[in-house]
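The values are calculated or read from the model by the stated rules, or taken from the named source; none is laboratory data. Quick caveat: nothing in here was measured; it's all calculated off a predicted structure. Please note: Cβ atoms are built from the backbone with ideal geometry, for glycine as well, and neighbour counts cover all protein chains shown. Please note that ligands, DNA and RNA were not included when accessible areas were found on the heavy atoms of the full protein model with its side chains. Shrake-Rupley method; radii C 1.70, N 1.55, O 1.52, S 1.80 Å.
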Amino acid sequence: LFSGNVSTNNSGGFASVRTRNFDPPIDLTNYEGIELQVRGDGNRYKFMLRTSTKWDGVAYCYSFDTVINNWINVRIPFSEFVPIFRARTVSDAEPLAAKHIYALQLMLSKFEYDGALNPKFNSGSFELQVQTIKAYRVA
């Protein structure tokens, strides 16, 4: 369960949860992408993969909308992850290296990418239930 209360006060507007770095990193080269099974609150969330041990480095990000109180599957091909640094697109970043996944992260943010606002963002309480996070192969 990823839940809390998000406020835009004091330059806020985001909440995040993240794994510790995996040691060794997870190798997902034999997979096509990540699939989430979630039940949300109507907000747009971000799912991120980190391919470096740096705490504040480039993350590979995908935004997805939830449906209030309904379980949904979100399938994210590796090719659709966007390299970002603090909500800014990194145009010269290397492609996602699925061989070295060091961390997973979920975020609720008032920002989408490059200064654009998240059209589904609302201050206040939020709740995202996560049933599964798994890598998938195309059969």
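Quick check on Ser63: is it open to solvent by 10 Å² or more (accessible area, probe 1.4 Å) and in a strand (DSSP E or B)? Outline the logic, then answer.
Details: open to solvent by 10 Å² or more (accessible area, probe 1.4 Å): yes; in a strand (DSSP E or B): yes.
Yes, satisfied.
For residues that are open to solvent by 40 Å² or more (accessible area, probe 1.4 Å) and among the acidic types (Asp, Glu), scanning just segment 1-46, find the one that is nearest to Ser63 (Cα to Cα).
Asp41
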*Which residues, taken from segment 83-101, are open to solvent by 50 Å² or more (accessible area, probe 1.4 Å) and under 15 Å from Gly57 (Cα atoms)?*
Phe85, Arg86, Arg88, Thr89, Ser91, Asp92, Glu94, Pro95, His100
*Restricting the search to segment 118-130, which residues are part of a loop (DSSP other than H, G, I, E, B) and either surrounded by 15 or more Cβ atoms within 10 Å (Cβ to Cβ) or at positive phi (or both)?*
Asn118, Lys120, Phe121
_Of the conditions (1) farther than 14 Å from Cys61 by Cβ; (2) of a type outside the set (Asp, Glu); (3) over 16 Å from the mean Cα position of the chain (by Cα), Gln129 satisfies every one except a single condition; which number is it?_
(3)
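Among the residues of segment 85-97, are any in contact with a helix residue (DSSP H, G or I) (Cβ under 7 Å, 6 or more places away or on another chain) and either basic (Lys, Arg) or assigned to a strand (DSSP E or B) (or both)?
The initial filter retains those residues of segment 85-97 that are in contact with a helix residue (DSSP H, G or I) (Cβ under 7 Å, 6 or more places away or on another chain), namely 96.
The next check asks that each one be either basic (Lys, Arg) or assigned to a strand (DSSP E or B) (or both); those that pass are none.
Checking segment 85-97: not a single residue is in contact with a helix residue (DSSP H, G or I) (Cβ under 7 Å, 6 or more places away or on another chain) and either basic (Lys, Arg) or assigned to a strand (DSSP E or B) (or both).
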*touching a strand residue (DSSP E or B) at 6+ places or on another chain (Cβ under 7 Å), crowded, with 18+ Cβ neighbours inside 10 Å, of a type in the set (Phe, Trp, Tyr) and over 14 Å from Cys61 (Cβ atoms), is that true of Tyr136?*
no
*Output the number of the condition that Gly115 fails; it satisfies all remaining conditions of (1) on the phi < 0 side of the Ramachandran plot; (2) open to solvent by 40 Å² or more (accessible area, probe 1.4 Å); (3) modelled with pLDDT under 95; (4) out of contact with any Cys (no Cβ under 9 Å at 6 or more places or on another chain).*
(1)
*Does segment 70-128 hold any residues that are within 20 Å of Gly33 (Cβ to Cβ) and among the acidic types (Asp, Glu), and which are they?*
Glu80, Glu94
